[in-house]
Amino acid sequence: MTEFRQLHDGWTLIPVPGSLPAAVDAEAVPSGPVPATVPGCVHPDLLAAGLIDDLYLDDNEARLAWIGRTDWCYETTFAWVDAGHQRVDLVCAGLDTVATVTLNDVELGRTANMHRSYRFDVQPLLRTGSNRLSVRFDSAYRYAERQRDELGDRPHAYGEPFNFIRKMACNFGWDWGPTLVTAGIWRPIGLEAWSTARLAEVCPRVTVAGATGTVEVRVAVERATDQPLTVRAEIAGVTEEITIRAGERTATLALTVPSPSLWWPRGLGAQARYALAVTLCAGGTTLDRWRRDVGFRSVRLDTTPDDAGSAYTVVVNDTPVFVRGVNWIPDDCFPTRVDRARIAGRFAQAIDANVNYLRVWGGGCYESEDFYDLADEYGLMVGQDFLFACAAYPEEEPFASEIAAEAREQVARLAPHPSLLLWTGNNENFWGHVDWHWREPLAGRTWGEHYYRTLLPGIVAEVDPTRPYWPGSPYSGAADRHPNDPHHGTVHIWDVWNTHDYTHYRSYEPRFVSEFGFQGPPQYATLRRAISDDPLTPRSAGLATRQKQVDGNAKLLARLDGHLPAPETFDDWHHAGQLNQVRAIRFGIEHFRSLRGRCMGTILWQLNDCWPVTSWAVVDGDGRPKPAWYALRAAYADRLLTIQPRPAGLAVVAVNDGATPWSDRIEVVRRTIAGIPRAKALLTVEVPPGAARTVALPPDVAVTADPAAELIVAGRGAGRALWFFAEDPDLASGPPAYQAHAEPVDGGYRVSVTAVSLLRDVLIQPDRLDPAARVDEALVTLLPGETGTFQIRTGASLDPASLTTPPVLRCASHLLPGDGTPSA
């Protein structure tokens, strides 16, 4: 029977002599071997040894950049006794990245791909007793720069050579991430001992047609001897067996499962899964076993042409699904710090925000088994990019062979997971080739098109044809069409934020938006932990280290124009930046969802951050939900009521992405800010599941003669829709006036706020008092006379008065000239 022994203990690391750059803090350089965690990487080990400061604080990222330009050597010793197996392999599930592997002073091989595994036959080199294993990691910079020089430079974002190495691209910095170029044994490593044969690959193709489920199990074996083998597969009480004859190395078994329960995306049904077991035998002896949970579901992309262009609709189990998605980036710059519990917590935040889809972005990594297993369990649909982002990639060797091996391995590895619905060829590379002035500097050199149009779709079709492949994001479905055409396929909307205000979203009627977003600062406690500037100001030097986009802070201020006044203090800057992000997300998603049927998905950039930074994330780098998270939760609710402009005037749009029909009578009132009704209408809406209905408002409700003093209210309670005819600075709302009371309750505090004046987007930020505190609700708009209640979860003793006054409790009016304090 195959036996696997982890080799995770006793590792040390040390810089390779002569590899240190000239500018190095001598006190940070190990004078001897440092204990190393495996799986892990260099930076956390140096931090644990007390040699460097936390890389996420102040300007430590820049001060410690030398680590990524240094060669490092990992080493351990282990005892071994020959147990009589015919083969013993050293299995390296992930080496980051440019590695030379040596056992007992004999070089086993060299690797240069973080995204695939490697296996070395070490049986002849093992000694009874002590054995010494070392892995030297050469600087990823030096390798990438050498490949660039040999193959010729190619256009890429951010001035770093990430497109010349098969490594997590965002290691080299992004417009939200630090430049922390890692090295290390980042996935498990160990010895696998076996005899006769082993299961080299098991790839299930799980399909369902009508009431019949089919599992086609493709098996590849590696042999130590040439004798007949038996493969048995079992699922749901169904068993099939096949013989692999001497000399053969592959087999395919087909199992038919009658009436299987289906795996559904969350909100549409249960997430049924079945254990699939595969056993390899010879002469009645079990040699190897493989087991995974799989799910029966069908998936396809509907790209049917129509009068508006061509559709892009995800169809699961013959049900069109509106994607309420978020983009996922690596949750930490050091992936081994992201364990199952952390992923589960982040997924819970996504689910609590009514998200049903995660797009794993192409500048990161193929995530861990825990990631996809939890997505299976929770019913989160996953779209996986192949790992190409924002750059022209060489198609020459060594990259062509490495990319083919990487793709084959990952497609087979992830095949069992029903949550994985789609493979996408790249992030923004078609768009870059057309619009980012690549063609002249490329001068005819390769840029990756062969990968996206030929190699990758061929591998998906061969290895796992049960899932659709889409060549890029964005991509319009045809080589002769602009890749970012909003009328076809997927679109990225980045003129909003980069050059345009968020109201520009209304100029788009897209089929599917796979990236769009708006920046906002992280939570106060996150910023305060990360930077030590005292006092904090909008122009603090430390605050600049938390902004990675060129002119990002200038854009943050520019996009306030017309919506909120330019802030002078840090508290106003922080509040205004977060509030504008809230309103941009709310505005965009409500508009796109109101087009349901034509538009069938939005994937917000982005769910998470990998460190404390001002970015597009709704959950910041310390895991705290930003106000934008609450806006996302409301905008992605199963049932959405929104007021939208249409050619004939304002209309109420009711969107139902729930599982049951929505039948309601909705009162719509045009009223003054002070509360006097001016006109009313009673609308009846009947919305089946997976649909939207638009009802025009009567002119007497939709039109005002006094936009500064009136608004429209549709519906009641938390899901009501509001329409303001003017922006906050132009509203006749006066300074914020309210009565507030905070009282201790089990688990924290209850805060009640009663509005005397209009209070738009009331927000309580308890992390300013206790970094661990959380609030259950945010961005509640209270009309005069209305009361809102907020539950604060905290284990700390807080000052009740601080919970009811700025800067902890604020609304939009606090940002306006002449803002007031709460009335008695």
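The values are calculated or read from the model by the stated rules, or taken from the named source; none is laboratory data. This is a predicted model, so every value here is computed, not measured. Glycine also receives a Cβ, built like all others from the backbone with ideal geometry; neighbour counts cover every protein chain displayed. For accessibility, only protein heavy atoms count, side chains too; no ligands or nucleic acids. Shrake-Rupley method; radii C 1.70, N 1.55, O 1.52, S 1.80 Å.
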Item checked: From Ser476, Ser401, Ser419, residue being hydroxyl-bearing (Ser, Thr, Tyr) and closer than 19 Å to Ser117 by Cβ -> Ser401
Next item on the list: Check whether at least one residue in the stretch 761-780 is more than 19 Å from Leu564 (Cα to Cα) and over 30 Å from the mean Cα position of the chain (by Cα), and report yes or no.
Entry: no
Margin query: What are the pairs with Cβ atoms under 9 angstrom where one residue, in the stretch 389-414, is under 24 Å from Trp431 (Cβ atoms) and among the hydroxyl-bearing types (Ser, Thr, Tyr) and the other, located anywhere, is open to solvent by 30 Å² or more (accessible area, probe 1.4 Å) and assigned to a strand (DSSP E or B)? Sequence gap at least six, or different chains.
Written below: Tyr393/His156
Next item on the list: Report the residue count in the stretch 546-572 for those that are in contact with a Leu (Cβ under 8 Å, 6 or more places away or on another chain) and either part of a helix (DSSP H, G or I) or among the hydroxyl-bearing types (Ser, Thr, Tyr) (or both).
Entry: 3
Next item on the list: Could you grab me the full set of residues in the stretch 724-746 that are open to solvent by 50 Å² or more (accessible area, probe 1.4 Å) and within 36 Å of the chain's Cα centre (by Cα)?
Entry: Phe725, Glu727, Pro729, Asp746
Next item on the list: Specify the residue that is nearest to Gly267 (Cα to Cα); the eligible residues are those in the stretch 614-639 that are open to solvent by 10 Å² or more (accessible area, probe 1.4 Å) and outside any loop (DSSP other than H, G, I, E, B).
Entry: Arg639
Notebook entry, point to check: If you go through the stretch 290-319, how many residues are without any contact (Cβ under 8 Å) to a residue 24 or more places away in the chain and either outside any strand (DSSP E or B) or open to solvent by 30 Å² or more (accessible area, probe 1.4 Å) (or both)?
Noted result: 7
Notebook entry, point to check: If you check every pair at least six apart or on different chains, which have Cβ atoms under 7 Å apart with a residue in the stretch 70-82 that is within 17 Å of Ala28 (Cβ to Cβ) and open to solvent by less than 20 Å² (accessible area, probe 1.4 Å) first and a residue that is part of a loop (DSSP other than H, G, I, E, B) and among the aliphatic types (A, V, I, L, M) second?
Noted result: Thr70/Leu20; Asp71/Val16; Trp72/Val16; Trp72/Ala183
Margin query: For Leu682, only one of the following conditions fails: (1) open to solvent by 60 Å² or more (accessible area, probe 1.4 Å); (2) under 28 Å from Leu358 (Cβ atoms). What is its number?
Written below: (2)
Next item on the list: Check every one of the strands (runs of 3 or more DSSP E) wholly within the stretch 748-824 and list those with 3 or more residues that are open to solvent by 50 Å² or more (accessible area, probe 1.4 Å).
Entry: 787-793
Checklist line | Criterion (basic (Lys, Arg), open to solvent by 10 Å² or more (accessible area, probe 1.4 Å), closer than 21 Å to Thr2 by Cβ and over 36 Å from the mean Cα position of the chain (by Cα)) met by exactly one of Arg87, Arg119 | finding: Arg87
Next item on the list: Within the stretch 345-386, track down each residue that is in a helix (DSSP H, G or I), among the hydrophobic types (A, V, I, L, M, F, W, C) and buried (at least 23 other Cβ atoms within 10 Å of the Cβ).
Entry: Ala350, Phe371, Ala375
Check: Across the stretch 727-753, what is the total count of residues that are in contact with an Asp or Glu (Cβ under 7 Å, 6 or more places away or on another chain) and either without any contact (Cβ under 8 Å) to a residue 60 or more places away in the chain or hydroxyl-bearing (Ser, Thr, Tyr) (or both)?
Finding: 2
Next item on the list: Look at the stretch 270-286 and say how many of its residues are free of Cβ contacts under 8 Å to residues at least 40 places away in the same chain, not in a strand (DSSP E or B) and not hydrophobic (A, V, I, L, M, F, W, C).
Entry: 1
Note to self: For the stretch 44-57, give me each residue that is surrounded by 18 or more Cβ atoms within 10 Å (Cβ to Cβ) and part of a loop (DSSP other than H, G, I, E, B).
What the structure shows: Ile52, Leu55, Tyr56
Notebook entry, point to check: Taking only pairs six or more apart or across chains, which ones have beta-carbon atoms under 7 Å, a first residue in the stretch 445-471 that is surrounded by 15 or more Cβ atoms within 10 Å (Cβ to Cβ), and a second residue that is among the basic types (Lys, Arg) and part of a helix (DSSP H, G or I)?
Noted result: Ile459/Arg408; Val463/Arg408; Pro471/Arg453
Note to self: Would you confirm whether or not the stretch 478-496 contains a residue that is assigned to a helix (DSSP H, G or I) and on the phi < 0 side of the Ramachandran plot?
What the structure shows: yes
Notebook entry, point to check: Which one is farthest from Ile189 (Cα to Cα) among residues in the stretch 20-36 that are surrounded by fewer than 16 Cβ atoms within 10 Å (Cβ to Cβ) and either of a type in the set (Ser, Thr, Tyr) or at pLDDT 95 or above (or both)?
Noted result: Ser31
Next item on the list: Identify the residue in the stretch 243-269 that is out of contact with any Ser or Thr (no Cβ under 7 Å at 6 or more places or on another chain), open to solvent by 40 Å² or more (accessible area, probe 1.4 Å) and of a type in the set (A, V, I, L, M) and, among all such residues, is modelled with the highest pLDDT.
Entry: Leu262
Next item on the list: Report whether or not Trp611 is part of a loop (DSSP other than H, G, I, E, B), more than 27 Å from Val695 (Cβ to Cβ) and either open to solvent by 10 Å² or more (accessible area, probe 1.4 Å) or in contact (Cβ under 8 Å) with a residue 12 or more places away in the chain (or both).
Entry: yes
Next item on the list: Considering (1) in contact with a Phe, Trp or Tyr (Cβ under 6 Å, 6 or more places away or on another chain); (2) open to solvent by 40 Å² or more (accessible area, probe 1.4 Å), say which one His504 fails and leave the rest.
Entry: (1)
Next item on the list: Among residues belonging to the stretch 168-180 that are part of a loop (DSSP other than H, G, I, E, B) and open to solvent by 10 Å² or more (accessible area, probe 1.4 Å), point out the one that is nearest to Arg87 (Cα to Cα).
Entry: Trp174
Margin query: Return the residues of the stretch 135-147 that are within 29 Å of the chain's Cα centre (by Cα) and under 23 Å from Gly444 (Cβ atoms); say none if nothing qualifies.
Written below: Ala144, Glu145
Next item on the list: State yes or no: is Arg529 under 20 Å from Arg774 (Cβ atoms), of a type in the set (Lys, Arg) and either open to solvent by 10 Å² or more (accessible area, probe 1.4 Å) or part of a helix (DSSP H, G or I) (or both)?
Entry: yes
